[in-house]
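The values are calculated or read from the model by the stated rules, or taken from the named source; none is laboratory data. Note that the coordinates shown come from a computational prediction; the quantities given were computed from them, not determined experimentally. Neighbour counts are summed over all protein chains in view; Cβ atoms, including those assigned to glycine, are modelled from backbone coordinates with ideal geometry.
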């Protein structure tokens, strides 16, 4: 499908061109991971110069919609528009305060996500959840870093909710998981295994209330553990004395 030619509007030409390309990605003309036409062809389709196309591509690269692979061309990002740390959590110094604040947000969201998953997940998805929980458990019992496996479990749970907004919140949820694991030093082994098992069993039984309660307990365990940890100022003072 050809792009519409850019027309005179209050927006500058590169912004118009970028908008046209982004619209085609949303419409499915360019899929995630697909290579775009070359610069010359895009310029012809848009009715603009190649310099305008270059600037439009730069705009979309800055928004994590396109990526340039040297020697290969320009491609649609695997998750267009999504950034790893959308809220800038990695730049917050007081990780304890951040983790507690994020826990409040997770308490608002994840119990309901779990309840939706119990109501909407397919049998195949429930089996995937069970396997993901088992993998987390294996990593915990072996004393290995379970962060990646835990993130995958929460990602699958969000997918099972059948809510596209929830799925877009996954990056934020995953960022909080890594912060929680760092702060708690993976000390909540028994509690994590128990609440995960309870959660998966509730989803399997289509028990929305049970899934909601299991997730609340899981998050509350994390919150209580974080609360008793030294705060940022105390940690900094200890490091300075060493």
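Residues checked against (1) assigned to a helix (DSSP H, G or I); (2) modelled with pLDDT of 95 or more:
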residue: 144; (1), (2): no, no
residue: 178; (1), (2): yes, no
residue: 186; (1), (2): no, no
residue: 195; (1), (2): yes, yes
residue: 235; (1), (2): yes, no
Residue among 155, 162 that is over 15 Å from the mean Cα position of the chain (by Cα), surrounded by fewer than 18 Cβ atoms within 10 Å (Cβ to Cβ) and modelled with pLDDT of 85 or more: 162
Residues of the range 198-229 that turn out to be more than 23 Å from the chain's Cα centre (by Cα) and either buried (at least 20 other Cβ atoms within 10 Å of the Cβ) or farther than 14 Å from residue 115 by Cα (or both), as a count: 6
Complete set of residues in the range 80-106 that are under 24 Å from residue 213 (Cα atoms) and either loosely packed, with under 15 Cβ neighbours inside 10 Å or free of Cβ contacts under 8 Å to residues at least 60 places away in the same chain (or both): 101, 104, 105
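Suppose the filter is modelled with pLDDT under 90 and either part of a helix (DSSP H, G or I) or within 19 Å of the chain's Cα centre (by Cα) (or both); does residue 93 pass it?
No, not satisfied.
Among the residues of the range 64-78, what is the count of those that are part of a loop (DSSP other than H, G, I, E, B), surrounded by 15 or more Cβ atoms within 10 Å (Cβ to Cβ) and in contact (Cβ under 8 Å) with a residue 40 or more places away in the chain?
From the range 64-78, those part of a loop (DSSP other than H, G, I, E, B) are 64-65, 70-72, 77-78; that's our starting set.
Going one step further and asking which of them are surrounded by 15 or more Cβ atoms within 10 Å (Cβ to Cβ), we end up with 64-65, 77.
From what's left, in contact (Cβ under 8 Å) with a residue 40 or more places away in the chain: 65, 77.
Total meeting the criteria: 2.
Being in the same structural domain as residue 226 (by TED's automatic domain parsing), out of contact with any helix residue (DSSP H, G or I) (no Cβ under 9 Å at 6 or more places or on another chain), closer than 17 Å to residue 177 by Cα and not in a loop (DSSP other than H, G, I, E, B) is true for just one of 108, 151. Which residue is that? Give the derivation first.
Values: 151 fails: out of contact with any helix residue (DSSP H, G or I) (no Cβ under 9 Å at 6 or more places or on another chain).
Of 108, 151, the one residue that is in the same structural domain as residue 226 (by TED's automatic domain parsing), out of contact with any helix residue (DSSP H, G or I) (no Cβ under 9 Å at 6 or more places or on another chain), closer than 17 Å to residue 177 by Cα and not in a loop (DSSP other than H, G, I, E, B) is 108.
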Conditions (1) in a helix (DSSP H, G or I); (2) closer than 13 Å to residue 179 by Cβ; number of the one not met by residue 124: (2)
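Given the residues 116, 46, which is the only one that is touching a residue at least 12 places away in the same chain (Cβ under 8 Å) and within 30 Å of residue 206 (Cα to Cα)?
Details: 46 fails: within 30 Å of residue 206 (Cα to Cα).
Just one listed residue meets the conditions, 116.
Quick one: which residue in 48, 53 is out of contact with any strand residue (DSSP E or B) (no Cβ under 6 Å at 6 or more places or on another chain), part of a loop (DSSP other than H, G, I, E, B), more than 30 Å from residue 177 (Cα to Cα) and assigned by TED's automatic domain parsing to the domain that holds residue 24? First the steps, then the outcome.
On the way: 53 fails: part of a loop (DSSP other than H, G, I, E, B).
Just one listed residue meets the conditions, 48.
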